[in-house]
Amino acid sequence: MDIKVNVRQAPSDCYVVDLSGEIDVYTSPKVKDAIGELIDRGVYNLVINLEKVRYIDSTGLGVLIGCLKRVREHGGSVNLVCSNPQIRKIFDITGLVKIFGIFDAEDAAMKALA
Amino acid sequence: MNDPVANTAPELVELRIPARAEWVALARLAVATVANRLNFSIEEIEDVKLAVAEACAAVIQHEGHGEFIVLSCDTRDGALQVRVYDAGRHGLPAQERSLNFDEARIAGLGIFLIRTLMDEVSYDVHPQLGTELQMLKRSLDRPV
């Protein structure tokens, strides 16, 4: 079990973080560090693509919330790409759909940041 | 081998793992296998997996937790009862719903998820023996 993190710059000047695997109490520090490095470099508009994430728990949610908090302090935002109903359900029942922009497609998530 | 567990047949599955983050995935896998044996739906299996993982994570994230986590799955009567035990002397965080950035509320997401995803949840804190969280999940397709 592992998590893969890939960071790429999109043409629209925002950054996309592709996550692949399972985000849990063991792997979430790796996600936190990767996104944290990006924010430290001054990237405050992020799309986090969860399309290849098979599982997320509260520690993973905590990492995403922490990232959102940090970028908002700089006027930025985080949009999520997630069409997996099992993952989406976690955001629904925790009420996090109200604080994250959650999109089915990456294009829409990037467009909403612009 | 692939027959579901009969409604009346009690079966007990136990797993003992080190109370460290890298072992939580094994607890998830084990409880998913047991839930699958009960013919739980995919969504119900995911619910149980997440609840068990949250319970394990709650143990690991508390100071003073035990060295091991013991996971016990009782498949009695077609329902799945899961106990998560460790020898630490701590309780679980109060039920909280995180709608803001307060770190304490974020920490309460785990127990909130457990209570939301499972049908019955309770826990006992024994001063000398440790802490045990009990959770029950019934399958909608197999009312008991």
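The values are calculated or read from the model by the stated rules, or taken from the named source; none is laboratory data. These numbers come from a predicted model, not from an experiment. Quick reminder, even Gly has a Cβ in these numbers, built from the backbone with ideal geometry, and neighbours come from all protein chains shown.
Some values worked out for this structure:
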item: Matching residues, the stretch A:45-65, being away from every other protein chain (no Cβ under 14 Å) and in contact with a Ser or Thr (Cβ under 8 Å, 6 or more places away or on another chain); result: A:45, A:46, A:51, A:52
item: Residue, farthest from residue B:111 (Cα to Cα), within the stretch A:66-114, restricted to residues that are more than 14 Å from chain B (Cβ to nearest Cβ) and of a type in the set (Asp, Glu); result: A:107
item: Selection from the stretch B:61-81 of residues that are within 14 Å of another protein chain (Cβ to nearest Cβ) and either crowded, with 21+ Cβ neighbours inside 10 Å or not in a helix (DSSP H, G or I) (or both); result: B:62, B:65, B:69
item: Set A:38, A:50: member being crowded, with 21+ Cβ neighbours inside 10 Å and free of Cβ contacts under 8 Å to residues at least 60 places away in the same chain; result: A:50
item: Pairs with Cβ under 6 Å, 6+ apart, first in the stretch A:81-97 and closer than 13 Å to residue A:52 by Cα, second assigned to a loop (DSSP other than H, G, I, E, B); result: A:83/A:104; A:88/A:82
item: Filter result for residue A:5 (within 25 Å of residue B:22 (Cβ to Cβ), touching an Asp or Glu at 6+ places or on another chain (Cβ under 8 Å) and within 14 Å of chain B (Cβ to nearest Cβ)); result: no
item: Filtered residues of the stretch A:95-114 (kept if part of a loop (DSSP other than H, G, I, E, B) and over 25 Å from residue B:44 (Cα atoms)); result: A:99, A:100, A:105, A:114
item: Where residue A:32 falls short, out of the listed (1) at pLDDT below 95; (2) away from chain B (no Cβ under 11 Å); result: (1)
item: Residue within the stretch A:53-65 that is farther than 21 Å from residue B:24 by Cβ and of a type in the set (A, V, I, L, M, F, W, C) present; result: no
item: Complete set of residues in the stretch A:12-35 that are touching a residue at least 40 places away in the same chain (Cβ under 8 Å) and within 20 Å of residue A:112 (Cβ to Cβ); result: A:12, A:14, A:16
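For (1) farther than 20 Å from residue A:59 by Cβ; (2) in contact with a Ser or Thr (Cβ under 8 Å, 6 or more places away or on another chain); (3) at pLDDT 95 or above, each residue gets a yes or a no:
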residue	(1), (2), (3)
B:58	no, no, no
B:93	no, no, no
B:98	no, yes, no
B:118	no, no, yes
